[in-house]
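**Q** I'd like to ask you about the structure that follows.
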Amino acid sequence: MIINKETIAELARQGKRLDGRALTDYRQPIKIETAISWTAEGSAKVQIGATIVMAGVKLAIEKPYNDTSDEGGIMVNAELLPLSSPEYEPGPPGRKAIEVARVTDRGIREAKALDLKKLCRIPGEKAWFVTIDIITINDAGNLFDAASLAAMAALKSAKFPIVDETTGAIDYKHKTNQSLPLLKEPLGVTVYKVNGSFFVDPSTEEEQACEARLTVTSDEKGTISALQKGGDTPLAIADIDKMLDLALEKAKFLRKELTKALKQ
Amino acid sequence: MAYNKRVDGRKLDQLRPMEAKAGIIPNADGSAFFKIGKTIAYAAVYGPRELYPKFLQDPKKGIIRCHYSMMPFSGSGERIRPGGNRRSQEISMVMDAALAPVIDLSAFPNAVVDVFVDLPQTDAGTRCAAISAAAIALADAGIPMKDLISSVAVGQVDGTVVADLCYDEEAYDAIVSDIPVAMTHNTQEITLLQMDGEISKADLIKALELAQKATGEIYQLQVKALKEKYSGAKNDYQ
């Protein structure tokens, strides 16, 4: 692994990568498939190269929080399944899973992508709460971007279940044709820095070789709704400037892929 | 009134449509996708690898350890809280027992073969789908095996013995029994047998004979999935 780390750093300096990709290329294939789980209100499977993640949306009616009594809510959880990598063990989510979940959550929440007021049914009493579970099937690097893409695809494909208006019970087996009140489409792109070069969509080996990373979540207008710096090397403002440019450009690329997939 | 028309129109001995694939998770040593009706199982095998904590190690042979888990959005009702429960613990345990008899880990003392099965959507028969998927994944991983294990539920709905109950049959408003069965192929022995509901002894034997035929069909599909992978068919990670 040390050999690869040095090789990756040296190649990056020359603008090259182990698998021959350009620094700014995502792996192929990029596949986005929705409605992969009939039991979820919305679901998607995303594949970027050998990385495969699923996202599932479940809806529930709960009492709104006291300080936002006219709003529903959203929560993102991530499970890095031991099925998906020899590195993961059974047990409660560790730091990595929590980071993936929280960064994905912030990108959607802070962009106000979901109209939480429209999720309210009776102020102070009943509102829809949306839970998105991100599940890894094969972790071969770049979980942040795959998670964000899968979460958005699942949200976009979600339909409300039928609610019995007299009893208030949810009939999870039957969906309405009503979609979630989505206002925006935030997507995350993570830019990695190694040896003075910047690249996107790392493999697991490249991830391990990187010095710093910056996840940038942006919507279709280029407005940034979440940031997360990772790695133990500091970044100069000039670095961040370049990373933002690359992230905003690549978000457009991923958005095209998502639009294309949702049309099918 | 006898139950002679199944809720989904199947014949009494007819299984739901099935699909199987081997080698769908590149990180795993072996893996499989198994679908029966609306129940889907993904299985991954890691190992043989060193077993921790050490006191679980068997110095004479390796052990198999199954981990069954439903994804939080895979139930037909509310979201399932992740992290396992009594049900998933029990299923994992009976999976170990269902698969262990055909696996020879004598060459791997102190080691473990971990089998992870996760289900993205379910509609009854999940432990059977999990076992059938796990067996393909174990073979895909090259684990020494004397035989293959194939699993399906049989049962009785309102007096009629049927194969592969779907959820609406398990929940049918009459006397119902649900019997998950796993069988070895060559020796035709039963390695998993559970039941809930009510059944007469005569119907139970009839159901087990039906399970013999039904697991035979699953065996054919499992072998086909493995042959497809190893005959050089393109592996597209499913």
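A short reminder: the numbers here are calculations on the coordinates, not readings from a lab. Predicted model only: the values in this text are computed from it and were never measured. In this analysis, Cβ positions are derived from the backbone assuming ideal geometry, glycine residues included, and neighbour counts consider all displayed protein chains.
**Q** Say the dipole of the stretch B:118-238 comes from +1 at the beta carbon of Lys and Arg and -1 at that of Asp and Glu; which of B:L221, B:S231, B:L192 then lies farthest toward its positive end?
**A** Checking the options against the dipole of the stretch B:118-238, the answer is B:S231.
**Q** To make sure I understand the rule: partners must be lysines, Cα under 26 Å from the Cα of A:K5, and not fewer than 8 residues away in the same chain. Which ones qualify?
**A** Result set, ordered by chain and number: A:K16, A:K96, A:K193, A:K229, A:K242, A:K250.
**Q** Alpha carbon centre of the stretch A:125-171 versus the stretch A:1-79: separation in Å?
**A** Spelled out, the Cα-based centre of one part sits 14 Å from the other.
**Q** When only alpha-carbon atoms are used, what values of Rg and Dmax, in angstrom, describe the protein assembly as shown?
**A** Calculated on Cα positions, Rg and Dmax stand at 24.2, 79 Å.
**Q** Which residue, B:A202, B:A97, B:A214, tops the fluctuation ranking in a GNM of chain B built on C-alpha contacts under 10 Å?
**A** Maximum fluctuation in the GNM of chain B, among the listed residues, is at B:A202.
**Q** Suppose every K and R has +1 on its Cβ and every D and E has -1 on its Cβ; what is the size of the dipole of the protein assembly as shown about the Cα centre, in Debye to the nearest 20?
**A** Working: 62 positive and 68 negative charges, 187 e Å.
Value, rounded to 20: 900 debye.
**Q** Another question about this same structure. Rounded to the nearest 500 deg cm²/dmol, what is the calculated helix-only ellipticity per residue at 222 nm for the protein assembly as shown, with -39500 (n - 2.57) per DSSP H run of length n ≥ 4?
**A** Calculated at 222 nm, the ellipticity per residue is -9000 deg cm²/dmol.
**Q** If you don't mind, another one. Below 8 Å between Cα atoms, with a sequence gap of 6+, how large is the relative contact order for chain A in percent?
**A** It rounds to 22 percent for chain A.
**Q** Specify the angular offset, from 0 to 90 degrees and rounded to the nearest 10, of the alpha carbon long axis of helix A:237-263 from the longest principal axis of the alpha carbons in chain A.
**A** The angle comes out at about 50 degrees.
**Q** Positive end of the charge dipole of the stretch A:2-263 (Lys, Arg +1 and Asp, Glu -1 on Cβ, about the Cα centre): tell me which of A:L183, A:A55, A:T215 has its Cα farthest that way.
**A** So the residue furthest toward the plus end is A:L183.
**Q** Which is farthest toward the positive dipole end of chain A among A:L262, A:F144, A:I98, measuring Cα position about the Cα centre, with Cβ charges +1 (Lys, Arg) and -1 (Asp, Glu)?
**A** A:L262
**Q** How crowded by other chains is A:35-48, given as the mean number of beta carbons from other chains within 10 Å of each beta carbon?
**A** Per-residue shielding by partner chains comes out at 4.
**Q** Also, quick follow-up: Taking each residue of A:75-87 in turn, how many C-beta atoms of other protein chains fall within 10 Å of its C-beta, and what is the average?
**A** Details: counts 1, 0, 4, 1, 6, 0, 9, 8, 17, 8, 5, 8, 1.
For this peptide, the per-residue mean of nearby foreign Cβ atoms is 5.
**Q** Using modelled amide H (1.01 Å from N, peptide plane; none on Pro or chain starts), what sits under 5 Å from the amide H of A:A226, excluding residues fewer than 5 places away?
**A** A:T217
**Q** Treat every Asp and Glu Cβ in the stretch B:98-238 as -1 and every Lys and Arg Cβ as +1, leave all other atoms uncharged, and give the resulting dipole magnitude about the Cα centre to the nearest 20 debye.
**A** 740 debye
**Q** Report the relative contact order of chain B, percent, no decimals, based on alpha-carbon pairs under 8 angstrom and at least 6 residues apart.
**A** Contact order relative to length: 23 percent.
**Q** Continuing with the same structure: In degrees between 0 and 90, to the nearest 10, how far off the longest principal axis of chain B does helix B:126-140 point, with axes built from Cα atoms?
**A** Rounded to the nearest ten degrees, it is 30.
**Q** Throw me the Rg/Rh for the stretch B:56-158, computed over C-alpha atoms with Kirkwood Rh, two decimals.
**A** Numbers: Rg = 14.9 Å, Rh = 14.7 Å.
Using Cα coordinates only, the ratio equals 1.02.
**Q** With an 8 Å Cα cut-off and a minimum separation of 6 or more residues, compute the relative contact order for the stretch B:148-238 in percent.
**A** 29 percent
**Q** I've got another one for you. For a test of the definition: using alpha carbon positions, the gyration tensor, and the 1.5 limit on a/c, classify the stretch B:97-238 as rounded, prolate or oblate.
**A** prolate
**Q** How far is helix B:86-99 tilted, in degrees, relative to the longest principal axis of the Cα atoms in chain B, given as a value from 0 to 90 rounded to the nearest 10?
**A** 70 degrees
**Q** Between Rg and the Kirkwood Rh of chain B, both from Cα atoms, what is the Rg to Rh ratio?
**A** 0.97
**Q** What does the highest-first list of A:221-232, B:136-147, B:164-175, B:218-229 look like by mean Cβ count within 10 Å?
**A** On the way: A:221-232: 14.8, B:136-147: 21.0, B:164-175: 17.5, B:218-229: 19.1.
Packing order, densest peptide first, comes out as B:136-147, B:218-229, B:164-175, A:221-232.
**Q** Of the peptides B:119-126, A:144-151, how do they stack up when ordered by the mean number of other Cβ atoms within 10 Å, highest first?
**A** Final packing ranking: A:144-151, B:119-126.
**Q** Once you charge only the Cβ atoms, +1 for Lys and Arg and -1 for Asp and Glu, what is the size of the charge dipole of the stretch A:72-165 about its Cα centre, to the nearest 20 debye?
**A** 460 debye
**Q** In terms of Cα to Cα distance under 19 Å, which aspartates and glutamates are near enough to A:K118, apart from those fewer than 8 places away along the same chain?
**A** A:E41, A:E62, A:D67, A:D70, A:E71, A:D105, A:E110, A:D164, A:E165, A:E185
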